[in-house]
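J.: Okay, handing you the structure first.
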Amino acid sequence: MPEKTYREALREAMVQEMENDESVLLMGEDIGVYGGTHLITDGLLDMFGPRRVVDTPISEGGFTGAAVGMAMTGLKPIVEMMTWNFSFLAADQIIQNAAKVRYFSGGQVEVPLVIRGPNGGGVQLSAQHTHSLENMYGHFPGLKVVSPVTPNDVKGMMLTAIRDPNPVIFLEAGALYGTKGEVPEGDNAVPFGKARVAREGDDVTLVSYGRQVNLCMRVADKLEEEDDVSAEVIDVRSIRPLDEETLVESVKKTHRAVAVQEQWRYFGVASEVAAIIQDKAFDYLDAPVERVSGAETPAPFARNLELAAFPNEDMVADAARRVLYEKVV
Amino acid sequence: MSAENERTGDGGVETQEEPREESRDGGAVATDGEHLVELYKNMILIRTFEEATQRGFRQGKIGGYLHVYIGQEAVATGFIDAYKEGDRVITAYRDHPFPLLLGSDPKSVMAELYGKGTGLVKGKGGSMHLFDVENGLYGGYGIVGGHIPLGVGFAYAMKYQETDHICQLYLGDGAINNGAFHEAANLSGLWGRDGMNPCLWIIENNQYGMGTSVARSTAMTDLGAKFDAYGIEHEKVDGMDLEAVLEVAHRTADKVRETGQPYVVEALTYRTAPHGSADFFEKYRTKDEVKKWRQRDPVGQLEHKLLEREILDEDALEEIRAEMKETIDEATNFADESEEPSVEELYTDVYAGEDEYMGEE
Ligand SMILES: Cc1ncc(C[n+]2csc(CCOP(=O)(O)OP(=O)(O)O)c2C)c(N)n1
Ligand SMILES: [Mg+2]
C-alpha cells in the first residue's frame with residue numbers, strides 16, 4: 001500500500017470527491033492563490049478554478065454562515081478554518097444555524113457542510129492560538145465531530161464527512177500534517193462512530209484521540225518495557241457520535257482505564273469517557289478512571305511552560321500505574 | 001534611550017515646552033532636524049531589532065509565530081511621537097515596534113520573544129502579546145480584528161473618567177473585513193457624536209492580509225471611506241514618508257484629544273518582509289513589486305533627507321546604526337542568557353485577586 005503524508009491523504013480525499021461531485025467546493029482564507037497556510041489545498045485552484053476554490057477575506061462569521069446557506073441550497077461546501085482558534089468568530093453560525101436549522105425547520109432542510117482545519121497546540125502559539133475544541137463542538141446536538149490521527153483515517157473520514165448530509169466539524173492534528181502512513185488508493189471511507197483499537201492489550205486501556213494517540217502508543221511501549229504491563233490503546237477518532245461499545249468492551253477486558261486529552265480537564269471529552277465507562281462497565285472496573293489533561297490555564301508561550309501544560313509520557317504512564325496499583329512492581 | 005525622550009515630549013524639538021502646538025500650526029515639528037534624528041534612531045532601533053528577531057527565529061531561539069514590522073517603521077514611529085503619557089495604544093500581533101517606541105527596555109522585549117522569565121510579560125505571551133501597561137501599551141492580540149472593540153472601549157472609559165487621553169488603535173487592512181471591526185466602528189462613531197470616543201484609528205494598510213491583497217478581499221478598496229458609513233472622518237497618508245506621517249499624527253491626535261471624537265488615518269505602507277517568519281512562499285506577489293516598494297523604504301527615504309539637508313553625514317548615520325546595533329546585541333545576549341520562567345508561573349495570572357487560583361496539580 002502506498003505511504004502518504006497526513007496532508008497528502010487529506011488533500012486526496014477532497015480532490016476525489018470534487019472530481020466525483022460537482023456540488024463540492026472549497027472556501028477559506030488563503031486557500032487558493034497562497035496555496036493554503038498549511039498547504040493542504042496547494043494546487044487545487046489550478047485544478048478546479050476560482051468558483052470551486054474560493055479565497056475569502058478574513059470574515060469567518062460571514063463565510064461560514066454563507067457556507068451554511070450554500071449547503072442548505074444543495075452545495076457541499078468544505079470550509080477551511082485556517083486554524084480552529086478562529087472558529088470562535090464563526091461559532092454563532094456553526095452552533096446557531098448549522099447545528100440546528102434542520103431541527104427547527106422540522107426536517108425541511110439539510111446542511112451537508114464540512115468545516116476543517118488544524119486543531120490543538122504544542123508549537124508555542126500561546127493563549128489565543130492554542131485550543132482543542134472537540135468538547136466544545138461535541139457538546140452540540142446536530143453537529144458531528146471527528147478527530148482523525150492517521151493518514152488512512154484522515155482520508156477515510158474526510159470522504160465520509162463530505163458525503164454526510166450533516167454539518168461535520170473536522171478537527172485535524174495540525175502538528176502531524178507531515179507524518180506518513182499507509183493510505184489505500186480509491187475509496188477507503190471510514191465510518192463515524194467507530195473507534196479504532198490502535199494497539200491491543202490486556203492490563204489497562206488508554207483512551208485518546210488526535211495527537212494524544214501517538215503519545216499513548218509511546219506510553220504503551222514504555223509500560224511494556226518498564227512495568228511488563230500490556231496496555232490497550234483506543235483511538236476514539238469520532239467524538240460525536242462516540243463509540244461507547246468499543247470502550248466498554250475494552251474495559252471489560254482490562255478493568256482499568258486512563259483517558260488522555262490535550263484540552264482542559266473540566267467538562268472535557270475525557271470526563272465523558274469516564275462517565276460512559278462508569279455507566280456501562282461499572283462492575284468491571286478495578287480502579288477509578290483517571291483523566292490526564294492540559295493544565296487549567298490559558299496556553300503559555302515559553303517552551304518550558306508549554307511542555308508543563310500538556311500531557312506527557314510520564315504523566316500518562318503514572319496515571320496508568322495508579323490505576324494498576326495492584327500490578328505495578 | 002531615545003524612545004524615552006519621545007514619550008516625555010523632550011525630544012529636542014525647537015519649542016521644547018509645547019512641541020505639539022507646533023504641529024497644529026503648520027507641521028514645523030516635522031522639519032526640525034534634531035527631532036528627525038531622534039526619530040531616525042527609533043526607526044533604526046526597530047529595524048535592527050526586527051532583523052535580530054529574524055535571526056533568532058532561524059536559529060530556533062524564538063518559537064511560535066513571528067511577524068516583523070520591516071517596511072512599516074514610519075507608521076508606528078510617526079504616530080507614537082504624538083503619544084502623551086496616559087494615552088493608550090492597542091494593536092494586533094505585528095507589535096514589536098510599539099514597546100520599543102513607548103520606552104520599554106529592548107532587553108525585556110527581546111527576552112519575551114525568547115520565552116524567558118525576564119520578558120515583558122514573563123514569557124507567557126510571546127511575540128504576539130506584548131504588553132507594557134505602565135508605558136501605555138495594552139497589547140498585542142492574535143485574533144485578527146479581535147482587539148478593535150477593546151480600543152473603542154478604552155476611549156469611552158478615558159472620557160468617562162474625565163481625562164484628556166486618547167486611544168491609538170492600530171489595525172491591518174485585513175482586519176477591516178471582520179465583523180468585529182464594523183460593530184466597533186459603528187460604536188465609535190455613535191459614541192463619538194457625544195464626544196465620548198477619543199479614538200485615533202490607524203489603519204496600517206500594508207496592501208495584504210497574509211497572501212490576500214486588499215483588492216482581492218473587498219470590492220470597496222478605499223479603506224478609509226468605509227468609515228463614512230459610521231460617521232467617522234478619515235484621511236490617507238503616505239506611510240513610507242516619516243515626515244508626512246508625523247504631520248498627520250500630531251494634527252489628528254490633537255483633534256481627537258480636543259473633540260473626544262474618533263478619527264481615522266489610513267497609512268499606505270508595505271511589508272517588505274514575509275507575513276510571518278516561517279513563510280517562504282510568496283506566490284501572491286512578485287519580486288518586482290517588493291523591489292519597487294523597497295525603493296521607497298522609509299528608513300532609506302529618511303536617510304536621504306537627513307543627508308540632503310545636511311543634518312547628518314554618512315559617518316553620523318553609520319554611528320547611529322552602530323549604536324543601535326550595540327543596543328540590540330545587548331538585548332539579544334540578555335534574552336539568550338536569561339532563565340526560562342519558573343514552572344510555578346504556569347499557574348499564576350489566571351485569575352485576579354488575593355487567592356491566586358493554582359489549578360490542578
Ligand atoms: C480571526 C482570525 N482569522 C485569521 C487569522 C490568521 N491571520 C493572522 S494574520 C492574518 C492577516 C491579517 O492581515 P492584516 O490585518 O492586514 O494585518 P498584517 O498582517 O498585514 O499586519 C491572518 C489571516 C487570525 N489570526 N485571526
Ligand atoms: Mg495587512
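The values are calculated or read from the model by the stated rules, or taken from the named source; none is laboratory data. These numbers were taken from a predicted model, which means no experiment stands behind them. Counting neighbours? That spans all protein chains shown, and the Cβs are built from the backbone with ideal geometry, glycine included. Ligands, DNA and RNA are stripped out before the accessible areas are found, and what is left, the full protein with its side chains, is counted by its heavy atoms. Shrake-Rupley method; radii C 1.70, N 1.55, O 1.52, S 1.80 Å.
J.: Residues in the range B:175-220 that are open to solvent by 20 Å² or more (accessible area, probe 1.4 Å) and more than 13 Å from ligand 2 (Cβ to nearest atom): how many?
T.: Within the range B:175-220, residues that are open to solvent by 20 Å² or more (accessible area, probe 1.4 Å) and more than 13 Å from ligand 2 (Cβ to nearest atom) number 13.
J.: For the range A:28-70, name all the residues that are in contact with a Lys or Arg (Cβ under 7 Å, 6 or more places away or on another chain) and at the interface with another protein chain (Cβ under 9 Å from one of its Cβ atoms).
T.: If the condition is that a residue be in contact with a Lys or Arg (Cβ under 7 Å, 6 or more places away or on another chain) and at the interface with another protein chain (Cβ under 9 Å from one of its Cβ atoms), then A:33, A:34, A:35, A:39, A:55 are the ones that fit.
J.: While we're on this one: Right, residue B:189: out of contact with any Asp or Glu (no Cβ under 8 Å at 6 or more places or on another chain), within 21 Å of residue B:268 (Cα to Cα), in contact (Cβ under 8 Å) with a residue 40 or more places away in the chain and of a type outside the set (Asp, Glu) or not?
T.: Criteria not met by residue B:189.
J.: Let me ask another. Considering each residue of the range B:298-352, count those that are farther than 28 Å from residue B:206 by Cβ, among the hydroxyl-bearing types (Ser, Thr, Tyr) and open to solvent by less than 50 Å² (accessible area, probe 1.4 Å), and give that number.
T.: Qualifying residue count, the range B:298-352: 3.
J.: Just one of the numbered conditions (1) of a type in the set (A, V, I, L, M); (2) modelled with pLDDT of 95 or more; (3) open to solvent by 10 Å² or more (accessible area, probe 1.4 Å) is not true of residue A:260; which one?
T.: Condition (3) is where residue A:260 drops out.
J.: When you look at residue B:232, is it within 17 Å of the chain's Cα centre (by Cα) and open to solvent by less than 10 Å² (accessible area, probe 1.4 Å), yes or no?
T.: So residue B:232 does not fit the description; no.
J.: Continuing with this model, one more query. Are any residues in the range B:49-90 charged (D, E, K, R) and either assigned to a helix (DSSP H, G or I) or within 14 Å of chain A (Cβ to nearest Cβ) (or both), and if so, which ones?
T.: Scanning the range B:49-90 gives B:50, B:51, B:55, B:58, B:61, B:73.
J.: Residue B:165 fails exactly one of the following numbered conditions: (1) more than 14 Å from ligand 1 (Cβ to nearest atom); (2) within 14 Å of chain A (Cβ to nearest Cβ). What is the number of that condition?
T.: All conditions are met except number (2).
J.: Out of B:107, B:116, B:159, I need the residue that is assigned to a loop (DSSP other than H, G, I, E, B) and more than 16 Å from ligand 2 (Cβ to nearest atom). Which one?
T.: Numbers: B:107 fails: assigned to a loop (DSSP other than H, G, I, E, B); B:159 fails: assigned to a loop (DSSP other than H, G, I, E, B).
The match here is B:116.
J.: Quickly run through the range B:180-214 and pick out the residues that are of a type in the set (S, T, N, Q) and more than 14 Å from ligand 1 (Cβ to nearest atom). Before you say what the answer is, go through the steps one by one.
T.: Restricting attention to the range B:180-214, the residues satisfying the condition of being of a type in the set (S, T, N, Q) are B:186, B:188, B:197, B:205-207, B:212-213.
Answer for the range B:180-214, where residues must be of a type in the set (S, T, N, Q) and more than 14 Å from ligand 1 (Cβ to nearest atom): B:186, B:188, B:197.
J.: Of the residues A:209, A:177, which is among the aromatic types (Phe, Trp, Tyr) and more than 30 Å from residue A:101 (Cα to Cα)?
T.: A:177
J.: Which fully enclosed helices (runs of 4 or more DSSP H) of the range B:179-263 have 2 or more residues being more than 14 Å from chain A (Cβ to nearest Cβ), modelled with pLDDT of 95 or more and in contact with a Cys (Cβ under 8 Å, 6 or more places away or on another chain)?
T.: On the way: elements: B:179-192, B:214-217, B:242-259.
Fully inside the range B:179-263 and qualifying: B:179-192.
J.: Can you tell me which residue within the range B:140-156, out of those that are part of a helix (DSSP H, G or I) and among the aliphatic types (A, V, I, L, M), is farthest from the other protein chains (Cβ to nearest Cβ)?
T.: B:155
J.: Residue B:134 fails exactly one of the following numbered conditions: (1) part of a strand (DSSP E or B); (2) away from chain A (no Cβ under 14 Å). What is the number of that condition?
T.: Unmet for residue B:134, out of (1) part of a strand (DSSP E or B); (2) away from chain A (no Cβ under 14 Å): (1).
J.: From the residues in the range A:6-27 that are open to solvent by less than 20 Å² (accessible area, probe 1.4 Å) and in contact (Cβ under 8 Å) with a residue 60 or more places away in the chain, which one is farthest from residue A:147 (Cα to Cα)?
T.: Checked the range A:6-27; the qualifying residue farthest from residue A:147 (Cα to Cα) is A:24.
J.: Tell me which of these residue B:280 doesn't satisfy, since it passes every other one: (1) surrounded by fewer than 17 Cβ atoms within 10 Å (Cβ to Cβ); (2) touching a residue at least 12 places away in the same chain (Cβ under 8 Å).
T.: Against the list (1) surrounded by fewer than 17 Cβ atoms within 10 Å (Cβ to Cβ); (2) touching a residue at least 12 places away in the same chain (Cβ under 8 Å), residue B:280 comes up short only on (2).
J.: Out of A:272, A:249, A:290, A:306, report the one residue that is within 13 Å of chain B (Cβ to nearest Cβ), closer than 25 Å to residue A:203 by Cα and at pLDDT 95 or above.
T.: Exactly one residue qualifies, and that residue is A:290.
J.: Something else: Taking the range A:288-329, which residues are under 20 Å from residue A:244 (Cβ atoms) and either more than 23 Å from the chain's Cα centre (by Cα) or not assigned by TED's automatic domain parsing to the domain that holds residue A:214 (or both)?
T.: A:288, A:323
J.: So, of the residues in the range A:88-107 that are closer than 30 Å to residue A:125 by Cβ and more than 11 Å from chain B (Cβ to nearest Cβ), which turns out to be most open to solvent (accessible area, probe 1.4 Å)?
T.: That would be A:96.
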